[in-house]
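Only one structure is covered here, and it is reproduced in the block below.
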């Protein structure tokens, strides 16, 4: 298939492009920074376009004929509390996606977020009502609702992938494991962290990419799906496992940072729906 990928050089995007190529798809990779794209191992194997999809002049004709769109771009992270998500990114994203759908795209994969669930604890399933408490979560949830409304006039298959926590090569340097790697590489003797008792759902980025491509390839699936492991782990346990994996001997200083006020203490995803499309979960 011909697949358009937005945010192709981002954390999720770069791995998704790799997976698409492994599966034999033809990829049009879109990102703003051509220089960054040239550093990607797949650069010579894709049709790369440097453009701003949020520019009002950006239209479907620029991308040529596509069988599917995987919309992975979303600027401004990890500042989840910025009102830019609602005031700028949300309307610009909807404008771009509406143009693509009205041009004839029938297969759309969009990455959502577990932050759409808000402060709900425990195992979260796709049928639960959303209750976002951050501008980022609200913007994502609103985009989904806008697109669902659009389907009433322009039918298309929407696969809304609610991502939980992701780690791996290319992650934001301010993320937990990236900071831990930096501390180990510097030879720090102590790693400052939160209390670490919160339960989270983590999945390696390569697995995220596999699941997203499986969703894109599924002709039967439509709707919302949690993309996660379904296995809760405490943040402290995750850190300890990573230290052991690195063969490091850095001491932990739990409680140095307060717990985030925009996340519940314990939550993870129900993967029953995901297993129907990606049974390796």
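The values are calculated or read from the model by the stated rules, or taken from the named source; none is laboratory data. Keep in mind that what you see is a predicted model, and the values were worked out from it rather than measured. Quick reminder, even Gly has a Cβ in these numbers, built from the backbone with ideal geometry, and neighbours come from all protein chains shown.
A few points about this structure:
- The stretch 179-191, residues that are over 11 Å from residue 239 (Cα atoms) and either under 21 Å from the mean Cα position of the chain (by Cα) or in contact (Cβ under 8 Å) with a residue 24 or more places away in the chain (or both): 183, 184, 188, 189, 190
- Criterion applied to 170, 269 was being closer than 26 Å to residue 119 by Cα and in contact (Cβ under 8 Å) with a residue 40 or more places away in the chain, and the one residue passing it is 269.
- Among the residues listed as 45, 26, 19, 14, the single one being touching a helix residue (DSSP H, G or I) at 6+ places or on another chain (Cβ under 6 Å) and closer than 21 Å to residue 211 by Cβ: 19
- Selection status of residue 215, under 25 Å from residue 19 (Cβ atoms), without any contact (Cβ under 8 Å) to a residue 60 or more places away in the chain, outside any strand (DSSP E or B) and in contact with a helix residue (DSSP H, G or I) (Cβ under 7 Å, 6 or more places away or on another chain): no
- Residue within the stretch 195-212 that is outside the structural domain of residue 72 (by TED's automatic domain parsing), farther than 19 Å from residue 70 by Cβ and out of contact with any strand residue (DSSP E or B) (no Cβ under 9 Å at 6 or more places or on another chain) present: yes
- Residues that are over 22 Å from residue 97 (Cα atoms) and part of a loop (DSSP other than H, G, I, E, B), drawn from the stretch 1-26: 23, 24
- Taking the criterion of being closer than 16 Å to residue 201 by Cα and either assigned to a helix (DSSP H, G or I) or touching a strand residue (DSSP E or B) at 6+ places or on another chain (Cβ under 7 Å) (or both), the residues of the stretch 239-264 that qualify are 239, 240, 241, 242.
- The residues listed here are 1, 38; of these, the one that is more than 24 Å from residue 95 (Cβ to Cβ), touching a strand residue (DSSP E or B) at 6+ places or on another chain (Cβ under 9 Å) and exposed (fewer than 14 other Cβ atoms within 10 Å of the Cβ) is 38.
- Matching option when the condition is under 23 Å from residue 115 (Cβ atoms) and surrounded by 15 or more Cβ atoms within 10 Å (Cβ to Cβ), among 11, 48: 11
- In the stretch 78-107, the residue that is modelled with the highest pLDDT out of those that are farther than 29 Å from residue 179 by Cα, in contact with a helix residue (DSSP H, G or I) (Cβ under 7 Å, 6 or more places away or on another chain) and not in a helix (DSSP H, G or I) is 107.
- Condition check for residue 179: in a loop (DSSP other than H, G, I, E, B) and surrounded by 14 or more Cβ atoms within 10 Å (Cβ to Cβ): no
- Flag if residue 195 is assigned to a loop (DSSP other than H, G, I, E, B), surrounded by fewer than 20 Cβ atoms within 10 Å (Cβ to Cβ) and touching a helix residue (DSSP H, G or I) at 6+ places or on another chain (Cβ under 9 Å): yes
- For the stretch 198-212, the set of residues classified as outside any helix (DSSP H, G or I), in contact (Cβ under 8 Å) with a residue 60 or more places away in the chain and under 30 Å from residue 107 (Cα atoms) consists of 201 only.
- The set of residues from the stretch 27-57 being outside any loop (DSSP other than H, G, I, E, B) and within 21 Å of residue 97 (Cβ to Cβ) comprises 27, 28, 29, 30, 31, 47, 48, 49, 50.
- Enumerated strands (runs of 3 or more DSSP E) restricted to the stretch 114-174, each holding at least 1 residues that are closer than 16 Å to residue 98 by Cα: 157-163
- Filter result for the condition that a residue is buried (at least 17 other Cβ atoms within 10 Å of the Cβ) and closer than 18 Å to residue 272 by Cβ, over 97, 138, 108, 124: 124
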